[in-house]
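Visitor: Below you'll find the structure I mean.
Readers should treat all values here as calculations from the given coordinates under stated rules, not as data from a laboratory. Just so you know, these numbers come straight off a predicted model, no measurement behind them. Heads up, the Cβs are rebuilt from the backbone with ideal geometry, glycines too, and the neighbour counts pull from every protein chain shown.
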Amino acid sequence: MKRILFFFIMMVMISTAAQAQFEEPVIKKVSNEDRADFQRQFSDIKWTGQGFRFNELDRMPAIEIRAVLQSAYGDPTQTVEDIIEKDGYLRDGKSIQFEYWFIIDGYIPMMVLDLEGPFDNGLVYVGASRYVDLMPAVKRTLTKELREASPKEYVDYFYSPERGQWFKVSYESGEYKKEEIKQPSHINIK
């Protein structure tokens with residue numbers, strides 16, 4: 001009788017652990033207004049890109065990923081304009097087009113960054129190193145959500161330090177564009 005009870009308890013524990021392992025993570029985007037709170041809450045995090053396994057998103061042009069991110073999650077958490085507004089200048093290391101910051105399951109920080117503007121495929125994914133084992137499931141869920149989203153219109157700006165050039169990057173009227181432009185007048189670099 002004890003063996004049967006022990007076997008039953010073990011099976012319940014294994015099935016509960018297996019079920020938790022296959023639950024989809026809840027991905028919540030951090031708004032532009034909540035950036036400071038996010039940075040305070042996760043100031044001690046050691047960031048890593050490990051665990052975000054290569055998948056179909058990594059073969060997709062960044063300019064197209066941005067359009068489905070807009071559809072699934074709305075405006076980015078941060079754009080190049082936000083960085084310049086905050087810092088007053090543009091550092092080469094901060095030459096991004098957009099960043100989406102997320103909190104997974106209410107306690108795990110993650111960022112999706114576009115470091116190469118509209119000129120590359122895929123994005124850069126970083127998360128808290130202590131949760132690296134959860135990142136494959138997070139990226140699978142993110143990929144599923146983006147695959148189910150239809151592209152939505154957006155307009156971003158990007159400065160390429162390698163080219164010494166500003167670009168207007170957009171998805172409008174069903175067309176993806178990256179246009180060379182002069183520095184936008186609304187972006188004031190000190």
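Visitor: Given points 7 Å out from each Cα along the Cα-Cβ axis, report the THR141 to GLN41 separation in nanometres with one decimal.
Guide: Going from the THR141 label point to the GLN41 one covers 1.4 nm.
Visitor: Let's test the formula: R0 of 30 Å, r as the Cβ-Cβ distance of ASN121 and ASP75. What FRET efficiency results, to the nearest 0.05? Kindly include the intermediate steps, with their values, before the conclusion.
Guide: Numbers: r = 23 Å, r/R0 = 0.75.
For ASN121 and ASP75, the calculated efficiency is 0.85.
Visitor: Under the classification rounded if a/c is under 1.5, otherwise prolate if a/b is larger than b/c and oblate if not, where does the stretch 45-160 fall, given a ≥ b ≥ c as square roots of the Cα gyration tensor eigenvalues? Each step should come with its number before you reach the end.
Guide: Numbers: a/c = 1.69, a/b = 1.22, b/c = 1.39.
Oblate.
Visitor: Efficiency by 1/(1 + (r/R0)^6): what FRET value for GLU162 and GLU24, r their Cβ-Cβ distance, R0 = 35 Å, to the nearest 0.05? Intermediate results must be reported in sequence, preceding the final value.
Guide: Details: r = 38 Å, r/R0 = 1.09.
Efficiency, from the Cβ-Cβ distance: 0.35.
Visitor: Under 16 Å between alpha carbons, and skipping anything fewer than 8 positions from LYS28 in its own chain: which aspartates and glutamates qualify?
Guide: Leaving aside aspartates and glutamates fewer than 8 places away in the same chain, those within reach of LYS28 are ASP37, ASP75, GLU99, ASP105, GLU145.
Visitor: Right, something else. If I take every Cα pair under 8 Å that is 6 or more residues apart in the stretch 29-117, average their sequence separation and divide by the length, what percent do I get for the relative contact order?
Guide: Values: 78 pairs, mean separation 27.2, N = 89.
RCO, the stretch 29-117: 31 percent.
Visitor: May I ask you to order 74-82, 170-178, 38-46 by the average number of other C-beta atoms within 10 Å around their residues, highest value first? Numbers along the way, then the final one.
Guide: Numbers: 74-82: 19.0, 170-178: 13.3, 38-46: 11.8.
For the peptides 74-82, 170-178, 38-46, the packing ranking is 74-82, 170-178, 38-46.
Visitor: Would you mind computing Rg(Cα) / (2.2 N^0.38 Å) for the stretch 129-190, counting N as its residues?
Guide: Values: Rg = 17.1 Å, N = 62, 2.2 N^0.38 = 10.6 Å.
Compactness ratio reported: 1.62.
Visitor: Rg over Rh of the stretch 92-140, using C-alpha atoms and the Kirkwood radius, what does it come to? Mind dumping the intermediate values first?
Guide: Numbers: Rg = 11.9 Å, Rh = 11.8 Å.
With Rh from the inverse mean 1/r over Cα pairs, Rg/Rh is 1.01.
Visitor: R0 = 25 Å: FRET efficiency of GLN50 with LYS152, Cβ-based, nearest 0.05?
Guide: On the way: r = 31 Å, r/R0 = 1.22.
Computed FRET efficiency for GLN50 and LYS152 comes out at 0.25.
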